[in-house]
Every structure is written in C-alpha cells, then in structure tokens.
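The values are calculated or read from the model by the stated rules, or taken from the named source; none is laboratory data. Computed from a predicted structure; not experimentally measured. As a convention, Cβ positions derive from the backbone with ideal geometry for all residues, glycine included, and neighbour counts pool all protein chains shown.
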Amino acid sequence: MMLLFAQTETAAAGGLAARLESALAPAWPFLTASLFWAVLLAAAAFWILLVSERRAGRRAGVLLGLVSLAFWAADAPLVADAASVSLYLYWLLAGMALVSAAAAVTSRSPVYCALWFALMLLATAGLFLLQGAQFVGVATVAVYAGAIVVMFLFVLMLAQPEGRAYYDRISWGWAAPVAAALVGVGLASSVVRLSDATGISLRERVLAAAPELAGTADQRLLSDVRLKTTPHSGQFTLTLYINDDPALWSDRQSALTSRLAMQALEIDEAALELRLLRAEPLAMHHMARLGGEMFSVHLISVEVAGTLLLAALVGAVAIIIRGKDIPHGDIQSDDIQNEDTNAGPGSDAS
Amino acid sequence: MNETALLQNYLILGGLIFSIGLIGFVVRRNMIVMFLCAEMMLQGVSLNLVAWSGYHQNWGGQMLVLFMIAVAACEAALGLALMLMLFHKSETLDIAFWQDLREAGQPPYVDHEVPEEQHEDAHWPSLIPAGRQPTLDPEELGHRSRV
C-alpha cells in the first residue's frame, strides 16, 4: 500500500473545505467511559493491594485489578482487519506490561518486585519492536533487564538475603496509599486526556463530514488524518493520507479529481520516501540508519554519554573504597543529627 | 493499525506505567524497590518517546531513549553503591531509618504496629523425604564432636 501525501488549505473556499472546517469543531477530549472506570477501579485495587496483609484481602485486590484491566481492554476492537496482527500484539504486550508493573509495585518480597519489573521490561521491549525501534528494544532487554535488574538482585542478595522484612509489608501509615492512589488516578486521567486534534474521532468526524472520502468497504480511501495548528494565528492545516492502491484506480489523476472534488491537490512524490522509515519490526538497514544518525547528528551527545559512564564508574568505585573505612553497623539513628558533617546553612536550623 | 490510534494507545500506556511507578515510589519503604519504581517511571517516558519517534518518523525520540538507558545505568550503579553504604551503616534497607533528614519542624514517623508475617505466607518449599532412614548416632544428635 503506497501512501500519497495530500494537503488541503482550510482557507480555500469550496464545498469540501467548508465541510471539513465544520468537522473540526471541538469535541469532548478523548477519555472514554471504559478508560475512566479502568483507572478508578485500578486505584481501588492498588489501595487494597498496598495495605492488605491477609491473603483474602490481596485476592480481592487482584480481582479488582483484573476487572479494571478488562475495562481498559474494552477499548480494543473485537474484529480487526486481516493485516492487524500488530493490533492483537499491542494489546497483549500492553496488558502484560500493566499487570507486571502493578505486581512489581505491590509485591511484598523485593525479589519478586525485581522479577516482575524484568517481565515489564520484556513487555516494553516487545512494544518497542512493534514501533520499529529495533535497537532500542534489544538494548532494553540486554542492558536494562540483563544488567540493571541483575545488579538490583545482587544488591538485594547482599543486603536482604532472608527475603521479606517488616518494611516491605507496611507503608507510611494508612494515608500514604490512599493519597498515592488518588494522585495516580489524577495523573493518569490528565495524561490520557489528549487533545481532540490527534484523536481517532477526528478521522471519523472528517469521514462524517465528507463521505466521499470513505471509499468502498474493502478498500478504504482515507487512511489517516492529521491536524497541525499554527499557534496564535488561528490557521491550521489538515493533512489527509489517502490510500493509493494501483489496482483501485484506472486513471489516477482523473479518479482522484473527480471522486474527491478537491480544488487544489498537491501530490508530494518525495513523501513516498517515508516508506523506508515505516514502523516495521523487520525493516531493513535500521541499524545502519540509526548509526548514521547517532554518530553524525548526535555525536557530541554520544561522547558526553561515554564520559558520563566513565564518571559513574569512577564514582561508584570511590564510594565503595571510602565506605570501607566506616565501622560496620555502629551508628544509631540519633547520631546523624550530632555527627560532624560538612557545615551547611541548614545544619544549624534545628 | 491506524497510526494515530497506535500513537494514542502508546501514549496512554506510557502514562499509566509512569503513574504506577509514581504510586510505588511514594508508598514503598524498601530503598531498592523505590529505586525500581523510579526506573519504571523512566520506562513509561521511554514508551512515549518511541511512540512519538514512530509517529513523526524522526530518530530523535529513539536517540533520547538510548541516552536515557545510559543515564539509567549510571544512576543505578551510583545509587546502588550509595544504598549499600547506607545499609552498611544501618543494617536495614528501610528508608524510615534515615528520617532525620526530613524537613525541620516535621514530626517523626513512628511505626505504630508492625504486622507479623502471616504463618501461611512463611511456607517454604521442602523436599519429600525419600530413601532409607539413616542410622543415627544418639550421641551425635545433640552436638557435633567433630566437624
């Protein structure tokens, strides 16, 4: 499927442009009812899981969490296109990521937390691959899940080999989990409250305003709609991506001009080059292009990152060597106030 | 899948993972688990960046994710070294031990009740005994006379 890059100016007079302008009237931002209930129930599930000790309480929390996950997955369409394996993969990986993240946060054993976190990293690596970011996906597995999480587990084994401790089962009183759940709900709600300019509903509104762009049932004509707003000027540009299947049109130019009835239609041939960067997990030459970009445009950042790694390495070794001089387990909690630390403006405040 | 829909779903998922990490960071008291939740917040942001990179067909998002992975590795190394030093001093990974670093004028947080570990949760796996019962020396049962 090849894509044409089409652009229409809303300032131009014409039937189609006027109808499209009416379609861009602001609507309610994208927050469906199922997502709202999913976030609310998830907050309740988190509150239960974070404070409960008894096995029955935790089971109730897990059940509530699964119900909220079902609400979130209710947005997934039941019937997908033939070429939408990526759709199912997305929901599968996203569900796995959410369940693993929730389990990592609410587990009572820190080793289980680290393991659930590693599973979440695998899910996000799959999601990166789905977007065509091959190197980032593999780097997540190799560096994040393979090195950082392993380092966490090493330190856990050194510091807390017996597993659970009392501070893994309680929090800062009863208020902290409630406040955290509420803040989490508020943050999640404000994050998913996207502007209606990039919503799916925009495409449907455009199709409702201009039905001739719909095409037939098996060959959709309009594939994507994007809206770009110029700030402070009231001007905006609506970009329509049109499905150009050579089998669909006998005469490309006449079919388009007669069917769409647009006044000015500019076909950008250079936009066809965008195919090379499409989000495909098996896209060729991904690494070559990534390397070309990294070592030409971002060369200085790469060098700075390397220096940062060196500094972190030296710093970690310095901390450990300095730490060996301190006697083991000698200091009580009260001594921290009396300790002769470097004098600063805040040390004499108490 | 429609590109805009994919972008939207990725952004929502990144935001949800960030919120879950935030909840965990605020609520948990184990230093290492708190650090894990901070890394989870970074992962939510990485999801957002990769989604935008795919939407705009720009490498910039993925570049930033790579640098974030490098910075996260440095931060993990230094953070864990510091946590090990703190554990060396205090024998515990509880961050409430260090609450003398709180703001001046705040009352200290005291654990009112520490729940004991439930008996059914302390079940460790054990092997089924098999084979013959070895002949036991009753004198050696109390203490070992030799190693």
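Can A:Asp75 be described as modelled with pLDDT under 85 and either farther than 16 Å from B:Asn9 by Cα or among the small types (Gly, Ala, Ser) (or both)?
Spelling it out, it is not the case that A:Asp75 is modelled with pLDDT under 85 and either farther than 16 Å from B:Asn9 by Cα or among the small types (Gly, Ala, Ser) (or both).
Within region A:115-126, identify whether any single residue is more than 7 Å from chain B (Cβ to nearest Cβ) and in contact (Cβ under 8 Å) with a residue 60 or more places away in the chain, and answer yes or no.
no
For residues that are among the aliphatic types (A, V, I, L, M) and within 15 Å of A:Thr106 (Cα to Cα), scanning just region A:139-191, find the one that is farthest from the other protein chains (Cβ to nearest Cβ).
Step one: list which residues in region A:139-191 are among the aliphatic types (A, V, I, L, M), which gives A:139, A:141-143, A:145, A:147-151, A:153, A:155-159, A:165, A:170, A:175-176, A:178-183, A:185, A:187-188, A:191.
In the following step, the residues that additionally are within 15 Å of A:Thr106 (Cα to Cα) were identified as A:165, A:170, A:176, A:178, A:180-181.
Values: A:Ala165: 7, A:Ile170: 7, A:Ala176: 6, A:Val178: 10, A:Ala180: 4, A:Ala181: 7 Å.
So the residue we want is A:Val178.
Is at least one residue of region B:93-101 farther than 23 Å from A:Ala165 by Cβ, β-branched (Val, Ile, Thr) and modelled with pLDDT of 80 or more?
Checked against the condition, which is being farther than 23 Å from A:Ala165 by Cβ, β-branched (Val, Ile, Thr) and modelled with pLDDT of 80 or more, region B:93-101 yields no hits at all.
Report yes if some residue within region A:17-39 is basic (Lys, Arg) and modelled with pLDDT of 80 or more; otherwise report no.
Looking through region A:17-39, none of the residues is basic (Lys, Arg) and modelled with pLDDT of 80 or more.
All but one of (1) closer than 22 Å to A:Tyr88 by Cα; (2) at pLDDT 90 or above; (3) in contact with a Leu (Cβ under 8 Å, 6 or more places away or on another chain) hold for B:Leu11; state the number of the condition that does not hold.
Of (1) closer than 22 Å to A:Tyr88 by Cα; (2) at pLDDT 90 or above; (3) in contact with a Leu (Cβ under 8 Å, 6 or more places away or on another chain), only one is false for B:Leu11: (2).
Against the definition (within 13 Å of the chain's Cα centre (by Cα), surrounded by 21 or more Cβ atoms within 10 Å (Cβ to Cβ) and modelled with pLDDT under 95), how does B:Ile20 come out, yes or no?
The answer is yes for B:Ile20.
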